[in-house]
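Take a look at the structure below.
The values are calculated or read from the model by the stated rules, or taken from the named source; none is laboratory data. All values reported here derive from a predicted model rather than from experimental measurement. Cβ sites come from the backbone with ideal geometry, for glycine too, and all protein chains shown count toward neighbours. The protein model used for the area step is the full one, side chains on, heavy atoms only, and it has no ligands, DNA or RNA in it. Shrake-Rupley method; radii C 1.70, N 1.55, O 1.52, S 1.80 Å.
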Amino acid sequence: MISDASSPVTQYVSFIIAGDEYAVNILRAREIVEHSVTSRVPMMPACIVGVMNLRGRVVPVIDLAVKLGLPPTRVSRWTCVLIVETELDGENTRLGLLIDGVGDVLTLSEDEIERAPAFGAQVRVDQLLGMAKVGQKLVLLLNIDRILSPAELLAPATPGPSAPGAPPALPGSHGAPAGEGDRP
Amino acid sequence: MDCDRDELLQTFMPEAHEILDEIERALLQLETGRDAHEVLQRIFRATHTLKGSAGSVGLGGLSELGHAAEDVIEALCRGELPLSTPVVSLLLETVDAARRLVAEVERGQAERSTSYREVVARLEEARRGGLKAKEDAGAASARRATEDDAEGATSLKSIRVAVEKLDRMADLIGELTLGRNRIARTLRAVRGEAGAALRDEMEEQDRLCKELEEAVRAARMVPVGPWFRYYERTVRDLAHAHGRQARLVVVHGDVEVDTAVVERFRDALTHLLRNAICHGIEPPEARRAAGKDPCGMITLHAAHERGGIALRISDDGAGMSRERIAARVCALGRHPAPETLPDHELFSLVFEPGFSTATESSHLAGRGMGMDVVRRSVESIQGTIRIESREEHGTSLSIQLPLTLATIEGLSVGIGGERYVIPLRAVLACCDLPRGTLAHGGAQGLMIRRGRALPCVRLRALFGLGGSPPPDERVVVVAHDGAEAGLVVDLLDGEGRTVVKPLGQLFRRVRGISGSTILGDGSVAMILDVDALLGGVLGDLGPVDAPDERRAAPSAAGGSPG
C-alpha cells in the first residue's frame, strides 16, 4: 500500500455528492451514519439542512450540494451522513455532511495531489486542498475548515429554492439596535 | 501512626475551612462597628479553636499563625490596641495566609511555603503597636479580590465534582429516557401475562429514572448564599483600593441555583460590583456633603421569581446622569434624539457595544464600562438584564436568570412536521385561533381575545417553513415585555421537562432560538427564546426604518371577526 517512500502519505475518505467524488482527510471524518430525521433551524441558509440527533448530541447537517450551487440533495435509500470534526470559532464541533454514497479510503502521497485549477471545478480553489487522480476519476480534496467555516456556511447564499411568498428572514436579526435594549 | 494522623487531618480540614470562613465574616462585620466587643470575642474564640486543633494535628505553621493573631485580637479586646482598618486588613490577610496553608496540606504538601512567617512578623509588630499601613496593602487586597474569584467557592462538607461529570450524567439520563421509550413502544405489542408483567416492571423503572433525573438535577444546585457572601470581602477590598467605603448587604433567602449558572455569571457579577464601586459609590467626602452615610451600601438580592432567579444589584451611589448619557449617545450617533427617550430606554443604551471607552467612562457619570460584555454573558445563559437609575439616589440592575441550564419546563408545539418547545415560564395560556384571523397567511396580525386585541405571530410564516396552515390553528399566549402576544402554531403537543442541548457555535447568532432538545421519539426540537423572537418582530414594527412590506402586515389583519 505504501507508495514512494520519498513523500509522506495521508489517508482520505471519499464520498459522492451529485455524481462527483470528493474526499476529506480521514482524521477529520468521525463516522458515517444512516440518514435520519433532521429538524430545521429557522432562518438558516438553504445549505444548512437542520440538526440531527447523534446519540444524544445535536449535530448540524450540511448539504454541500447547495453550497456548491447544485440542486439540493434528494434523500434516497443510499443517502448517508458523514460526520466530520472541524473547528468553529475555536471550538471543536461535529458537523454532518449529506452524501449520496460512500466512496473509498484513499491513500495519497503528496506528489499525487495536484493543485486544483483556478476554474472548472464546482468548488472555489481556496476551499480545496487539491485534487487527485484515482484511476480514471478526479477526486477533489476538500478543505473542510474553510468550506465549513461559519462565515462560509452562514453567508447569504444564492437565493435558495424558497417557496413563493416565503417570509423574510426574522426581522430585526440584523441591525435595528434600538429595539434591543428594552427587553424585560 | 500516619494513618491516624491522616484521619485526623480528614476531619480537621473541613472544620478549618468553616472556622476561617466564620472569622472572615466576623472581621467584615467588625467594620460595621456594631457589637464590636462581642464580635471580637467571637473571633478570639474561633482563632483559639483553630490554633488548638492545628497544633493537635501537628500543623505548626497554622498554629503559629493562630497564636500571633490571637495576641493581636486579645489586645483589641482589652482596648490596648485601637480597632482600625489597617488592623482588620492585616487580620484578613492572616485569614488568607491560613487558607493557603490549609490548601497546601490538602494538596499533600504539608505546609511547605514560608510566606506565612512574614504575616506572623507583621502581627507581632502590630501587637507591639507598631503597625504601619503597608503601602501596597490596598493594591494587594484589590488584586486578591479580583483574581481569586475561583477560590471563593464554598467549602461546605462536600466534595467538588467537575461540572462536566454532571453534564455527562444528565446526557446519559437523556439517552436512557430515549432507550426506555423505545422499549416501552415494543412492549406495547407484547401480549399475554408476560407482557403485562414486563409493563409493570417498566413502570417501576420509569419512576426510578425520573427520580434519578431529579437527583442529578438537584446535585447541580448550589445555594447562592456562600457565593454571594464571598463578595462581601471583594467589595470591601475593592472599595478600599479605590478610596471608597462600601459594604455589601446580601439578601438571598436560601435561593439555590445551578452551578453552571453560577460559573457563567461569576465574571459578570464581579464586573457589576466593581462598576458599582468605581462609578456608583461616591468618595466618602462627597457622600457626606450629600447627606449620605459615608459608607456606601451595595445590596445583592436574590429571590425565586417566574421559575427562575431574580437578582437585584443596587447601590445608593451617584446614579446615572440623563444628560451625560444622552450627550454620549448623540456623540456616538446611536439615536437621533436621546433626550426624548424614557429613562429605561435611554439607560439601556449603555448595554450597546462600545458605548463608552475606559478613559471616558470614568468622566461620564454612568457605568457602561464593558456593560455590553455583561449583557452578552447574561443573555448567553438565557437571562435578561435591566437597568434603573435615579441621579443622586443610585442605580439598580435587575437580572433574571434561569434556575438551571440543564433542563427546562417546556410546552411542545408542532408546525408542519417540525416540533418546537416554548419555555413554560413564558406561557400564559393557550387557545384556538378564531377562524378567519390571519387569513391572509402572513406572519403577523391581530386577534381578539377576551375582548382585547392580541398581536399574533404565525411561526410557520416567520420561520419560513412553507406549506399552508391547517384549518384549525392554535395560539400560545406568551408574556413579552409586560404585555401579551400570541404565537400561532398548528398543534399543541403537551408539556414536560426536557434536557437542553446547546446548539453550538454555528447557530450562536440565531435570534429567537435558545437551544435544542431531544424529544421522546428521538427527534430534535428547537427551544424558542420568546423575548428575543418577539423583540425582533416588535423592533421591526417600531420607528426604525423597516421595509414597508412588513409594516403593512398588521393593518391587513384589522378585519378580524368581532
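Some notes on this structure:
- Across peptide B:453-465, the mean count of Cβ atoms from other chains lying within 10 Å of each residue's own Cβ comes to 3.
- Alpha carbon centroid spacing (whole Å) that separates the stretch B:1-71 from the stretch B:270-303: 32
- Surface composition of the stretch B:427-513: carbon plus sulfur atoms contribute 50% of the solvent-accessible area (1.4 Å probe, protein chains only, all chains present).
- Counting only other chain Cβ atoms within 10 Å of each residue's Cβ, the peptide B:512-524 averages 4.
- Across peptide A:149-155, the mean count of Cβ atoms from other chains lying within 10 Å of each residue's own Cβ comes to 2.
- Both chains summed, the buried accessible area for A and B stands near 3900 Å², from protein heavy atoms and a 1.4 Å probe.
- Projected label distance in nm at A:Ala155 and A:Asp126, using a 7 Å step from Cα toward the beta-carbon: 0.8
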